[in-house]
2 protein chains.
Amino acid sequence: MGTLHQVTPGESVDLSEITTAGKDLHDDRDKAEKEFKKFRKRIAELQPVLYAEGKHKLLVVLQAMDAGGKDSTTRSVFEGVNPQGVHVISFKAPSKRELAHDYLWRVHRNVPPLGMIHVFNRSHYEDVLIVRVDELVPQEVWEPRFDQINQFEKFLTETGTTILKFYLHISKDEQKERFQSRLDEPHKHWKFSLQDLEKRKQWDQYRTAFNDVITKCSTEHAPWHVIPADQKWYRNWAVSKILCEKLEELNPQYPPDEPGLDQIVIE
Amino acid sequence: MGTLHQVTPGESVDLSEITTAGKDLHDDRDKAEKEFKKFRKRIAELQPVLYAEGKHKLLVVLQAMDAGGKDSTTRSVFEGVNPQGVHVISFKAPSKRELAHDYLWRVHRNVPPLGMIHVFNRSHYEDVLIVRVDELVPQEVWEPRFDQINQFEKFLTETGTTILKFYLHISKDEQKERFQSRLDEPHKHWKFSLQDLEKRKQWDQYRTAFNDVITKCSTEHAPWHVIPADQKWYRNWAVSKILCEKLEELNPQYPPDEPGLDQIVIE
């Protein structure tokens, strides 16, 4: 891996060999939490400049097993940004109308325009995950999608979009604990569905599908990051650090003044 | 007016008779700022329940003269909400494609679905504001729009959307000060355009157009609120109070448990 948790293009990934325990990678939780707050503050500082500049487009893709922390990451990392410049798009089961189109149609409609950050909570990757595991289409349909997705993402980056993809990596035990806490805490019941248990039974099939996603779709232009996510504090630290560094790299600047701005008198 | 700053349907509004000075209406700025924080916290508490419940749709419309505080209100009031449940839509000059449709087409595409709060930064009202003042269409085209807009908003409320419309009411002097501060502070230059001065020269025409908007489109289902907005602290207090009270009225609840949730054992 190159930068933090980034998968090297061409590398064959077996998620079972990658730790889910961020705590083993960072021995100082207090320090990580302080740094996280610093990163988050910096993100909230840079985002309005990105918006004002209107030159870059940033797409953040979040995928995970159920209860992997997609919602919570979004909430934590983007707390404090101006909601005007950050849109979160949650992709659900496609509608009849969406199904009448190709699977990238609804995705393309939701990519960020200039100056914006869009966060995909689930994405086109579901079309090679649940669609594959539940056999919603035959293999000869989903198999070519890896290449199609790579081409699509390449096109997006060629036309000015920066893509950051995060797989929030939790263990099967951690999922059990999170499901249990959704059952134990009444205000979390709405997040729990009996379907979640069915999907938990398919853990191994999803694992295989995710291995393929991350192996086949970690490209130079849009690599995956596999974030150890059993500990939320580590996950937040890592995601916000990577995001922050990418924003620093884009180095947004307020746009140049209109000519004549210094001679203006307001009547 | 009924509830705070709400225009009574049928009332003929002359904005020159309504104060822009919130400080004259609330003599304790410290108290207002503390209350604002309380309201904002409550909004951030209720929004996730609204989202979880997926029963209501809330549309907040912001209109104002330039520098009236649309961006700043959005940022201030919605700081701390989960960006997943709040989308801000900034309507700019319509694209060629948008102009090829009726003027409500792009608006309808952006109304909130169940569980969501959408904030319109500018809106379909521009089609009876700038479009009228700059004579982009003749009077026989814009004049019927008041009724069309009322019908459209009525339809939205009949199909489950709650609409809150805010006119952020600033004085011509306050606009001058805000423009000046945009000129004086380099990181605000990008917000300033020479066009703004042209529009400032049209202050009286916009005033007439806004008087009509607020008089004709304050309906039972979607009344306007005229918020004295020269003092940001008062504006934030008033907008967050009205929003908070509306959310309390909607009284969102976490959805009922799926049957059998209490007998679940996670393998």
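The values are calculated or read from the model by the stated rules, or taken from the named source; none is laboratory data. It should be emphasised that the depicted structure is a prediction, and the values quoted were computed from it without experimental measurement. We place every Cβ from the backbone using ideal geometry, glycine too, and count neighbours over all the protein chains shown. The accessibility values were calculated without ligands, DNA or RNA, using every heavy atom of the protein model including side chains. Shrake-Rupley method; radii C 1.70, N 1.55, O 1.52, S 1.80 Å.
Which of the listed residues, B:G80, B:S193, B:A222, is farthest toward the dipole's positive end in region B:15-252, when Lys, Arg count +1 and Asp, Glu count -1 at the beta-carbon?
B:G80
Dividing the Cα radius of gyration by the Kirkwood radius, what Rg/Rh value follows for region B:1-84?
Details: Rg = 15.7 Å, Rh = 15.7 Å.
That ratio equals 1.00.
Looking at the square roots a ≥ b ≥ c of the eigenvalues of the Cα gyration tensor of region B:123-186, which shape do they give, rounded for a/c under 1.5, prolate if a/b is larger than b/c, or oblate?
Details: a/c = 3.44, a/b = 1.63, b/c = 2.10.
Cα axes put region B:123-186 in the oblate bin.
Note the distances from A:V141 to each other copy's matching label point, with points 7 Å along the Cα-to-beta-carbon direction, in nm, sorted shortest first.
Spelled out, the distances from A:V141's label point are 4.5 nm.
Quick one: 3J(HN,Hα) in Hz for region A:258-267, Karplus 6.51/-1.76/1.60 with θ = phi - 60°, rounded, Gly and Pro as x.
4, x, x, 5, 7, 9, 6, 10, 8, 6
Using alpha carbon centroids, what distance separates region A:166-202 and region A:134-152, in Å?
27 Å
May I ask which of A:K232/B:K241; A:K37/B:K57; A:K176/A:K232; A:K55/A:K165 have a Cα-Cα span longer than 25 Å here?
On the way: A:K232/B:K241 34 Å; A:K37/B:K57 32 Å; A:K176/A:K232 15 Å; A:K55/A:K165 21 Å.
Pairs exceeding 25 Å: A:K232/B:K241; A:K37/B:K57.
Given chain B, report the % of alpha carbon pairs whose separation exceeds 25 Å.
Details: 16977 of 35511 pairs.
Tail of P(r) above 25 Å: 48 percent of Cα pairs.
List the GluC sites (Glu not before Pro) in region A:1-67 that DSSP assigns to loop (not H, G, I, E or B) and whose Cβ has at most 15 other Cβ atoms within 10 Å. Which are they?
Details: sites: A:E11, A:E17, A:E33, A:E35, A:E45, A:E53; in loops: A:E11.
Passing both the DSSP loop test and the Cβ count: A:E11.
Quick one: label points 7 angstrom along Cα→Cβ at B:E249, distances to the other copies in nm, smallest first?
Ordered by increasing distance: 4.9 nm.
Leaving out ligands, DNA and RNA, calculate the buried accessible area for the pair A and B with a 1.4 Å probe, summed over both sides, in Å² to the nearest 100. Don't skip to the end; give the middle numbers.
Details: alone 14180 and 14170 Å², together 24700 Å².
Interface area, both chains combined: 3700 Å², rounded to the nearest 100.
At q = 0.15, 0.20 Å⁻¹, what is the base-10 log of I(q)/I(0) for region B:1-155 according to the Debye formula with one equal point scatterer per Cα and no solvent? Please give it to two decimals.
Computed log10 I(q)/I(0) values: -1.04, -1.50.
Which distances, shortest first and in nm, link A:D204 to the matching position in the other copies, using label points set 7 Å out along Cα to C-beta?
So the label point of A:D204 gives 8.2 nm to the other copies.
List the trypsin sites (Lys or Arg not before Pro) within region B:34-69 that DSSP assigns to loop and that have no more than 15 neighbouring Cβ atoms inside 10 Å. Don't skip to the answer; put the middle values down first.
Values: sites: B:K34, B:K37, B:K38, B:R40, B:K41, B:R42, B:K55, B:K57; in loops: B:K55.
Listed in order of number, the matching sites are B:K55.
Toward the positive end of the charge dipole of region B:15-252, about the Cα centre and with charges on Cβ (Lys, Arg +1; Asp, Glu -1), which of B:W233, B:L46, B:H108 goes farthest?
Value: B:L46.
Mind pulling the per residue volume of the convex hull built on the Cα atoms of the protein assembly as shown? Å³ is fine. Can you show the working numbers first?
Details: hull volume 91.0 nm³, N = 534.
Considering the Cα atoms of the protein assembly as shown, their hull volume per residue is 170 Å³.
Just flag the GluC sites (Glu not before Pro) in region A:188-256 sitting in loop per DSSP whose Cβ has no more than 14 other Cβ atoms within 10 Å.
Working: sites: A:E198, A:E220, A:E245, A:E248, A:E249; in loops: A:E220.
Answer by residue number: A:E220.
Given 4 °C and 1.567 mPa s, how large is the Stokes-Einstein diffusion coefficient of region B:54-125 in µm²/s, with Rh as the Kirkwood radius over Cα pairs? Don't skip to the answer; put the middle values down first.
Details: Rh = 13.1 Å.
After rounding, the answer is 99 µm²/s.
For chain B, set up a Gaussian network in which alpha carbons nearer than 10 Å are linked by springs, and say which option among B:L197, B:L247, B:L15 fluctuates the most.
In this elastic network of chain B, the residue with the biggest mean-square fluctuation among B:L197, B:L247, B:L15 is B:L197.
With r defined as the distance between the Cβ atoms of A:K37 and A:D173 and R0 fixed at 25 Å, what FRET efficiency is calculated, to the nearest 0.05?
Working: r = 29 Å, r/R0 = 1.14.
Taking R0 as 25 Å, the efficiency between A:K37 and A:D173 is 0.30.
May I ask you to give the solvent-accessible area per residue for region B:15-252, in square angstrom, as obtained with a 1.4 angstrom probe?
Working: 10360 Å² over 238 residues.
I get 44 Å² per residue for this part.
For region A:180-267, go through all pairs of different Cα atoms, get the mean of 1/r, take its inverse, and jot down that Kirkwood value in Å.
Numbers: mean 1/r = 0.0545 Å⁻¹.
For region A:180-267, the Kirkwood estimate is 18.3 Å.
State the percentage of accessible surface on the protein assembly as shown attributable to carbon and sulfur atoms; use a 1.4 Å probe and exclude ligands, DNA and RNA. Walk me through the intermediate numbers first.
Values: 11970 of 24700 Å².
The nonpolar share, carbon plus sulfur, comes to 48 percent.
No solvent, one uniform scatterer per C-alpha: report log10 I(q)/I(0) for region A:101-212 via the Debye equation at q = 0.12, 0.24 1/Å, two decimals.
So the normalised log intensities work out to -0.56, -1.36.
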